[in-house]
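First the structure, in the form of structure tokens, and then the observations on it.
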Amino acid sequence: MKRPIIRLIVKIGIGCLLLLIGVIVVCDVLVVRNASGRTFDNIETVPHNKVGVLLATSPVTIDGTHNYSFDNRIKAADELFRSGKIEYIIASGGDYTRDQKYGCDEPAAIRDSLIAHGIPADRIILDYEGTRTIKSIANAQNIYHLDSVTFISQKYHNERALYLADKYGLHAIGYNAAPSPIRLRRFKSTIREYLARPKMFLDLLTNKVQ
């Protein structure tokens, strides 16, 4: 009697796993196809937008180690600004200084690093409500009244941001910052992004911006 029940449980488990994998794959394909031709690696081919949105990041990871993705996003923003591809930069993120484990003011950290690279402070806008990608995009349209922007992040992040921007009616492109040079970090980012894409579709279905 126990064996049929065990077999049924195994079949249900396998079915749920296959369904989950299928959902992840479909979400990934939709996001990648939507972003095709709209993210750029070569600074010379990037169209001009008045404002670039540097999506939330910090100089340290949640485990306290150096975040190379932060450095690369700052470098990408600097390249865009110096090449005349953008005129202003929105530093998007949250103030987590009270978090004993993380403890970072993301917009301020981005601003300070951009200024250290020679970008004028009056060209940097701090968006403390951009705690999630979907909120950064909603803010660009609803608070800053922008109709077009250039996202600045790693390619996988830009692709998701572009899908969200389309749903909000915000014309956008993405300039791809280099990925982390650490293989394990890249792997973790890839896994995190695979899970973030189905979550994005759920947020869109439920109209959840918080």
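The values are calculated or read from the model by the stated rules, or taken from the named source; none is laboratory data. For clarity, every value in this text was computed on a predicted model and none was experimentally measured. A quick note on method: Cβ atoms are made from the backbone with ideal geometry, for glycine too, and the neighbour counts reach across all protein chains shown.
Counting just the residues of the range 114-128 that are touching a Pro at 6+ places or on another chain (Cβ under 7 Å) and of a type outside the set (A, V, I, L, M), which one comes out nearest to Leu80 (Cα to Cα)?
Asp127
Filtering the range 61-86 to residues that are loosely packed, with under 15 Cβ neighbours inside 10 Å and either touching a helix residue (DSSP H, G or I) at 6+ places or on another chain (Cβ under 7 Å) or farther than 23 Å from Val46 by Cα (or both) leaves Ile62, Asp63, Gly64, Thr65, His66, Ser83. Among the numbered conditions (1) out of contact with any Pro (no Cβ under 9 Å at 6 or more places or on another chain); (2) modelled with pLDDT of 90 or more; (3) at negative phi, the only one that Tyr68 does not meet is (1). Just so you know, in the range 114-137 the residues that are modelled with pLDDT under 95 and in a loop (DSSP other than H, G, I, E, B) include one that is surrounded by the fewest Cβ atoms within 10 Å (Cβ to Cβ), and it is Tyr128. Total residues in the range 1-54 satisfying the condition of being closer than 23 Å to Ser92 by Cα, in a loop (DSSP other than H, G, I, E, B) and not hydrophobic (A, V, I, L, M, F, W, C): the figure is 6.
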